[in-house]
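Encoded as structure tokens, here's the structure I'll be asking about.
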Amino acid sequence: MSATEAGSHADLGRAHMSHIETGRTGISEDKLRRLLSAYGLASESLISELVEMALPTGPGWWTQYTDAVDSRACDLAELESTARAHRSFQWVYVPGLLQTPAYMRALFESGEPDTPTARRERYAEFRQHRQQVLHGSQPPRFHAVVHEAAFHMHFVPRAVMLGQLDHLLEIARLPHVEIQLLPFRAPSYPATSTAPFVIFDTSCPELRTVYVEHPVTSSFLSEPTQIAQFANGFEQLSNVALSPLDPKDDGPGSSLRLLQHLRYVLEEAPHAGP
């Protein structure tokens, strides 16, 4: 349908439809339901989820940072705030929602040394604001698989990495957070997972999204076959990773045992680097 044809089903003009589709204005529940009916949507669970997404009014908190971050970063923050569950895989960095402020600043300083300090501080502030989603009254379930390689990167000073390890152990105490470490000696590695990604789950399968990080530009994927491929890859990663990080479980095959080893290397080993 053209914007004019679609809008006629909900008494909306073409210009108003354009503003709704680009996110510049909201839409009432009644008009949204009329549009969805015109589009032939029959899934009540999907309709209910879309209606819930349309209820908030006003801009999201992320719009305060458009001076420092691009639109994709804002889209990511919005996804994080609305998803019911996150499944994250990282092999170079600690996932953004689990980073300490010192770790963030070290990344920005090494990765973007020519960026003015004030702008890097805005980056860090934006990322810290994103982390609040894990500490709200109804936080999403967060499951991360982090490759051991992420903790051997020398662009983060040893003292900062030690603090980051302590933070992971602390945040793993949250009942809705599950962190698994994937050791170098893992017996297999899914072909899907050649880039870091996050699967955002909702109560409605049709709205699941995968965020894939790339050096040049990151992508948001929503095709069912793509979702299934990444979901299968994450399941395989979780299966070959160590047991979830638990302050009370330091037995063989546990993430805590590897974390303790990493801490020892950083603190004691002469080859640990600066």
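The values are calculated or read from the model by the stated rules, or taken from the named source; none is laboratory data. All figures in this text were calculated on a predicted structure; none of them were measured in a lab. Neighbour counts run over all protein chains shown; Cβ positions are idealised from the backbone, glycine included. Protein only, heavy atoms only, side chains kept; ligands, DNA and RNA dropped before computing areas. Shrake-Rupley method; radii C 1.70, N 1.55, O 1.52, S 1.80 Å.
When DSSP assigns beta bridges and you keep just the ones with both residues in the range 138-274, what percent turn out antiparallel, to the nearest 5?
Beta bridges within the range 138-274, antiparallel portion: roughly 50 percent.
Continuing with this model, one more query. Tally Lys and Arg at +1 and Asp and Glu at -1 over the other residues with C-beta under 11 Å from the C-beta of CYS204: what net charge comes out?
-3
Shifting gears a bit: Over the chain, with every protein chain in place, what whole percent of the accessible area is carbon and sulfur at 1.4 Å, could you tell me?
Of the solvent-accessible surface of the chain, carbon and sulfur hold 53 percent.
As an exercise, take the mean of 1/r over every pair of distinct alpha carbons in the range 157-213, invert it, and state the Kirkwood radius in angstroms.
Here the Kirkwood hydrodynamic radius works out to 14.5 Å.
Using 0.36 nm per residue, how much length does the chain from SER203 to SER37 gain when fully extended, once their Cα-Cα distance is taken away? Could the numbers behind the result be given before it?
On the way: separation 166, 0.36 × 166 = 59.76 nm, distance 2.05 nm.
Difference between extended and current length: 57.7 nm.
In whole Å, what three semi-axes, largest first, describe the equivalent ellipsoid of the range 94-159 built from its Cα gyration tensor (square root of 5 times each eigenvalue)?
Listed largest to smallest, the semi-axes of the range 94-159 are 23, 18, 8 Å.
Kindly give Rg over Rh for the range 15-112, based on alpha-carbon atoms, with the Kirkwood expression for the hydrodynamic radius.
Using Cα coordinates only, the ratio equals 1.08.
Of ALA15, ALA73, ALA102, which is the most mobile in a GNM of the chain whose springs link Cα atoms less than 10 angstrom apart?
Comparing ALA15, ALA73, ALA102 in the GNM, the peak value goes to ALA15.
Could you provide, to the nearest whole Å², the per residue accessible area of the range 50-199 with probe 1.4 Å?
On a per-residue basis, the range 50-199 sits at 48 Å².
State the three equivalent ellipsoid semi-axes of the chain, derived from the C-alpha gyration tensor as the square roots of 5 times its eigenvalues, in descending order and whole Å.
Three semi-axes, in Å: 39, 22, 16.
Ordered by packing density, taken as the mean number of other Cβ atoms within 10 Å over each peptide's residues, highest first, how do 137-146, 220-229, 154-163 rank? Mind showing how you got there, number by number?
Details: 137-146: 18.4, 220-229: 12.9, 154-163: 16.2.
With the highest mean Cβ count within 10 Å placed first, the list reads 137-146, 154-163, 220-229.
Classify the range 44-199 as rounded, prolate or oblate, taking a ≥ b ≥ c as the square roots of the eigenvalues of its Cα gyration tensor: rounded when a/c is under 1.5, otherwise prolate if a/b is larger than b/c and oblate if not.
oblate
Please give the contour-minus-distance gain from SER71 to ARG173: 0.36 nm per residue of separation, less the Cα-Cα distance, rounded to one decimal in nm.
Details: separation 102, 0.36 × 102 = 36.72 nm, distance 3.27 nm.
Value of the extension gain: 33.4 nm.
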